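J.: My questions will all concern the structure given below.
The values are calculated or read from the model by the stated rules, or taken from the named source; none is laboratory data. Keep in mind that this is a model prediction, so the values were computed, not measured. Heads up, the Cβs are rebuilt from the backbone with ideal geometry, glycines too, and the neighbour counts pull from every protein chain shown. We work out accessible area using only protein heavy atoms, side chains counted, and drop any ligands, DNA or RNA first. Shrake-Rupley method; radii C 1.70, N 1.55, O 1.52, S 1.80 Å.
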Amino acid sequence: MTKPSILVTRATFPEVLDKLAQHFEVEDNQPDTAWSKQDLIARLKGKTGVFTTSGEAIDADVLAACPELRICANTAVGFNNFDLKAMTARGVLGTNTPDVLTDSTADFGFALLMATARRVAESEHYLRAGKWDRWRYDLFAGTEVNGSTLGILGMGRIGQGIARRGAHGFGMQVIYHNRSRLPAEQEAACKARYVSKEELLREADHLVLVLPYSPEAHHAIGAAELAQMKPTANLINIARGGIVDDAALAAALRDKRIAGAGLDVYEGEPKVHPGLLAVPNVVLTPHIASATMPTRLAMGMLAADNLIGYLVHGKPLTPLNPEVLERK
Ligand code: GLV
């Protein structure tokens, strides 16, 4: 029997390719060449499955050009690069990689929070530039983390991981806002109190964004929301670009309307708004919140298992649109 053909869009672990090769004819991209949409379509024609990263848009055009496609396995928990509605309409399954990245991503959210509050990047640049000549009582004095109020917008698995770290590790008061309130036992496990978005903005000393991107979440934090935050507060975004209005944030940071920001994601990344590059009170990282080698390997293996699970056994592990399965 001939093996189904799949495409792997970006460089990945050899172990992941080896696993895929046991079941599929694999076209990979180990040189990690940047492909245009037309390149992607040309390679995807005739393939049954695709292993994607969040950088490749699987939209209506791609789906229309590749009618043999049955599954898109994203190596990310977020899937705003998928037009899931169009995929479902065409009977194409989407999968993502939840759970395996929860802890490393929550760790990174906390790293960014700490680095922002305690001005780690800014003070390191100062030292490397040879500007440190003597101690001063207020040299890079930052914001208190222990005992402060941690606000979380979006309380899924990663949000809860951040809440637990804040409550149990740093004695923080945790408040959160989410589309739906958590069951009482889950709130108790992370000592989190549900509040309105207005109270969250008003009360948080450190506001961490962990909500998924959707059109409704576009610019959930813009000039009006930033104006409601404390001037001493820090904003951390490990969710998705577009949730924050980057131009409004750059202006708020420049005018010290909030103390600082820690950002891992950007509108139009990998481009970064020039206003953010121009201000010192922001820590900028290149979308690496899940990036530890064990976690990235686990994400690759889960995406591979989704392809194998669906195309070989009819049972994907983490489907995003299970209605496609029900229709079969
Ligand atoms: C990373 O941003 C992810 O969604 O996994």
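J.: Taking 2.2 N^0.38 Å as the expected size of a compact globular protein, what ratio does the Cα radius of gyration of the range 1-154 give against it, to two decimals?
T.: 1.50
J.: Ok, one more. Starting from the 7 Å offset along Cα-to-Cβ, what nm value, one decimal, do you get for the label separation of TYR137 and ALA65?
T.: Result for the modelled spin labels: 6.5 nm.
J.: Further question on the same structure: Which trypsin sites (Lys or Arg not before Pro) in the range 22-75 sit in a loop by DSSP (not H, G, I, E or B) and have at most 16 other Cβ atoms within 10 Å of their own Cβ?
T.: LYS45
J.: Once neighbouring chains are kept in place and the probe is 1.4 Å, which whole percent of the accessible area of the range 147-217 is contributed by carbon and sulfur?
T.: Carbon with sulfur: 51 percent of the solvent-accessible area.
J.: Which net charge results for the neighbourhood of VAL145, defined as the other residues with beta-carbon distances under 9 angstrom from its beta-carbon, given Lys and Arg at +1 and Asp and Glu at -1?
T.: Here the charged neighbours net out to -1.
J.: Name the residues of the range 223-246 whose amide N is less than 14 Å from a point 7 angstrom out from the Cα of GLU199 along the C-beta direction?
T.: The answer is none, because no backbone nitrogen lies closer than 14 Å to the label point.
J.: Taking all protein chains together and a probe of 1.4 Å, list HIS206, HIS23 from the most accessible to the least accessible.
T.: The residues order as HIS23, HIS206, largest area first.
J.: With the alpha-carbon atoms as the only input, what is the per residue convex hull volume for the range 78-119 in Å³?
T.: 68
J.: Here's something else I'd like to know. Just grab the label-to-label distance for ALA42 and LEU297, each label 7 Å out from Cα along the Cβ direction, in nm (one decimal).
T.: 3.5
J.: Roughly what % of DSSP beta bridges within the chain run antiparallel, to the nearest 5?
T.: Percentage antiparallel, nearest 5: 5.
J.: Dipole of the range 103-226 (Lys/Arg Cβ +1, Asp/Glu Cβ -1, origin at the Cα centre): which of MET172, HIS219, TRP135 lies farthest to the positive side?
T.: Of the candidates, TRP135 comes out farthest on the positive side.
J.: Can you report the principal axis dimensions of the chain using only the alpha carbons, biggest first, rounded to whole angstrom?
T.: Principal-axis extents of the chain (Cα, largest first): 73, 49, 33 Å.
J.: Counting other Cβ atoms within 10 Å of each Cβ, which GluC sites (Glu not before Pro) in the range 139-217 have at most 16 and sit in a DSSP loop?
T.: GLU144
J.: Now a separate question. Using +1 on the beta carbon of Lys and Arg, -1 on that of Asp and Glu, and nothing else charged, what's the dipole of the chain about the Cα centre, debye to 20?
T.: Around 260 debye, computed over the chain.
J.: With the Cα gyration tensor of the range 102-284 in hand, give its eigenvalues times 5 under a square root as the equivalent ellipsoid semi-axes, listed largest first in whole angstrom.
T.: 26, 19, 14
J.: Let me ask another. Using DSSP to define loop residues, name the GluC sites (Glu not before Pro) in the range 7-36 whose beta-carbon has at most 11 other beta-carbon atoms within 10 Å.
T.: Passing sites in the range 7-36 do not exist.
J.: Quick check on the range 285-328: what are the equivalent-ellipsoid semi-axes from the Cα gyration tensor, as sqrt(5λ), descending, whole Å?
T.: Semi-axes, largest first: 27, 13, 6 Å.
J.: State the answer as a single residue: which of TYR126, PHE108, ALA251 lies farthest towards the positive end of the charge dipole of the range 102-284, with beta carbon charges of +1 for Lys and Arg and -1 for Asp and Glu, about the Cα centre.
T.: Positive-end residue among those listed: TYR126.
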